[in-house]
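Peer 1: Once you've had a glance at the structure underneath, I'll fire off some questions.
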Amino acid sequence: MDANSSMTDFIPGLKLSELFYNEAAKPILDTHFPHVPHSAALLGWGSEVLGYDDVQSSDHHWGPRFLLFLSPADYGKYAISEALRNNLPHRFRGYSANFGKPDEIGVRLPQDTDEGPVNHMISIETIEKFFGWYLGCNPYESLTAADWLTFSEHKLLAVTSGKVFHDGLGELEDVRRTFHYYPRDVWLYQLVAQWIKIFEEREFVSRCGDVGDELGSMIIAARQVRNLMRLCFLMERKYAPYSKWFGTAFSNLECASELSPVFRDVLLATTWKEREGHLARAFPIIARRHNALQITRRIPEEMSNYGGRPYRVFEASDLLGDIVNNFTDEEVKAIKHALGSVNQFVESSDQLSRGSLVEMLKQLYV
């Protein structure tokens, strides 16, 4: 499909893939392999898994596709991919079901043709194999705090988003529920780390501006907005995606209707006094929502002056200690720093996709 096609013609990728499975692929599987149980889903990579795809998304690595899961006993035993290649339609609902070969980073482009076998984008996996290469763990084994803190948060979102079209193995939905959100103490530990990041620079927006450094003040204000947004994801127990979809996902949080206009005002402010004033509107909202969690003593829902200086900041002296005192998990208690998860101090989602790096980072938590 042409990327310039009308939005009215566009079928979101998740819906398209479910239709493709039910109408094109499942009949082939039922005919050729009726006694081979399988599960089918769209999860993992792709904007369509998160529901953020549009016409522009359809120009690469997008189209009628899904993951086909087999049991370990059946994996590699049957010529399922070949049967699909020889029997799938070349086009489905107006979209090419045929794709070119992967490029150097694995991206495939739709390739229109009416002849020959269909080079489909149906990946055949076992559940253990998929979670092993995509998330870096065995989903049937117990997960440690170090595992949770080194998972790419975007990938956690990606394996719990999307949709299971059919769970003939009777396991895929259960495995996905394992990853629905962080265990309580891992969550609390990340809250501590995020509040520390915010407190570290609480007066810097004002201080930079006060010495004439408006650019520095703007940079720190933008960082504070991002830190507060990430805190909101944590408070609402929602996984945050990587930067491309961060703002889009934030707009779907419960707090967004209150905070989005305030954050925009912070970012558009031209003077440090304006920035300080808009941040002073944001913190009471954040504090009120924190208090609703009932995980600490009540924190103030108003601003205060920073020491003897005329800067308006947010103070909550008992907050961090109260959260730490809630820890019950011995692994979390033993962590000797407050860096938080790798997502809180590594900016590059590409780096967090490197299994070797993640394995090294686990040493930070043991």
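Peer 1: Sort Ile28, Ile124 by heavy-atom solvent-accessible area, probe 1.4 angstrom, most to least. Working shown, then result.
Peer 2: On the way: Ile28 15, Ile124 35 Å².
I get Ile124, Ile28, largest accessible area first.
Peer 1: Can you sort His290, His90, His166 by 1.4 Å-probe accessible area, starting with the largest?
Peer 2: The ordering from most to least exposed comes out as His166, His90, His290.
Peer 1: Just grab the label-to-label distance for Ser123 and Asp213, each label 7 Å out from Cα along the Cβ direction, in nm (one decimal).
Peer 2: 4.4 nm
Peer 1: How many times 2.2 N^0.38 Å is the alpha carbon radius of gyration of the range 177-327?
Peer 2: Relative to the 2.2 N^0.38 Å estimate, the range 177-327 comes out at 1.04.
Peer 1: Still on this structure: Skipping prolines and chain starts, which residues have an amide H placed within reach, meaning under 5 Å, of the one on Leu68, given they are 5 or more residues away or on another chain?
Peer 2: Ser123, Ile124, Glu125
Peer 1: A follow-up question, please. In the range 1-94, how does Rg compare with the Kirkwood Rh, expressed as the Rg/Rh ratio over alpha carbon atoms?
Peer 2: Using Cα coordinates only, the ratio equals 1.01.
Peer 1: Each residue of the range 193-204 in order: what ³J(HN,Hα) in whole Hz does its phi give by Karplus 6.51 cos²θ - 1.76 cosθ + 1.60, θ = phi - 60°, with x for Gly and Pro?
Peer 2: Couplings: 4, 6, 4, 4, 4, 5, 5, 4, 10, 4, 9, 6 Hz.
Peer 1: Can you say what percent of the DSSP beta bridges in the chain, counting only those with both residues inside, are antiparallel? Round to 5.
Peer 2: 75 percent
Peer 1: Of Asn305, Asn343, Asn227, which is the most mobile in a GNM of the chain whose springs link Cα atoms less than 10 angstrom apart?
Peer 2: Residue with maximal mean-square fluctuation among Asn305, Asn343, Asn227: Asn305.
Peer 1: Based on Cβ point charges of +1 for Lys and Arg and -1 for Asp and Glu, what charge dipole magnitude is obtained for the range 1-83 about its Cα centre, in debye rounded to the nearest 20?
Peer 2: In total the dipole reaches around 340 debye.
Peer 1: What full-extension length gain, to one decimal in nm, is calculated for Lys238 and Lys336 as 0.36 nm per residue of separation minus the Cα-Cα distance?
Peer 2: This chain segment gains 32.7 nm when fully extended.
Peer 1: I would also like to ask the following. Regarding the chain, what whole-number volume in Å³ per residue does the convex hull of its Cα atoms give?
Peer 2: Each residue corresponds to 161 Å³ of Cα convex hull volume.
Peer 1: Right, next: Let me check I've understood the local charge: for Arg309, count other residues with C-beta under 11 angstrom from its C-beta, Lys and Arg +1, Asp and Glu -1. What total comes out? Let's see the in-between values first.
Peer 2: Values: positive: Arg207, Arg312; negative: Glu203, Asp210.
Every neighbour counted, the sum reads 0.
Peer 1: Considering only protein heavy atoms and a 1.4 Å probe, what is the carbon-and-sulfur percentage of the accessible area of the range 99-238?
Peer 2: Carbon and sulfur: 50 percent of the exposed surface of the range 99-238.
Peer 1: Convert each backbone phi in the range 285-302 into a coupling constant with the Karplus relation 6.51 cos²θ - 1.76 cosθ + 1.60 (shift: θ = phi - 60°), then list the ³J(HN,Hα) values in order as whole Hz, x for Gly and Pro.
Peer 2: Computed from phi, the couplings for the range 285-302 are 5, 4, 4, 4, 6, 4, 4, 5, 6, 6, 10, 9, 4, 4, 9, x, 10, 9 Hz.
Peer 1: Pairs on different chains or at least eight residues apart, Cα atoms closer than 20 Å: how many lysine pairs in the chain fit?
Peer 2: 17
Peer 1: Accessible area per residue, 1.4 Å probe, Å², for the range 149-202: what's the number?
Peer 2: For the range 149-202, the solvent-accessible area averages 33 Å² per residue.
Peer 1: Taking the Cβ of Val186 as the centre, find all other residues whose Cβ is under 13 Å away and add up their charges (Lys, Arg: +1; Asp, Glu: -1).
Peer 2: -3
Peer 1: State, to one decimal in nm², a quarter of the convex hull surface area for the C-alpha atoms of the range 1-160, i.e. the direction-averaged projected area.
Peer 2: Its Cα hull, projected and averaged over all orientations, spans 10.3 nm².
Peer 1: Let me ask another. Can you give me the Kirkwood hydrodynamic radius for the range 107-248, using every pair of distinct Cα atoms, in Å to one decimal? Walk me through the numbers before you get to the answer.
Peer 2: Numbers: mean 1/r = 0.0537 Å⁻¹.
Here the Kirkwood hydrodynamic radius works out to 18.6 Å.
The values are calculated or read from the model by the stated rules, or taken from the named source; none is laboratory data. Nothing here was measured: the structure is a model prediction, and the numbers come from that model. So basically every Cβ, Gly included, is an ideal-geometry build from the backbone, and we count neighbours across all protein chains shown. Calculation scope for accessible area: heavy atoms of the full protein, side chains included, ligands and nucleic acids excluded. Shrake-Rupley method; radii C 1.70, N 1.55, O 1.52, S 1.80 Å.
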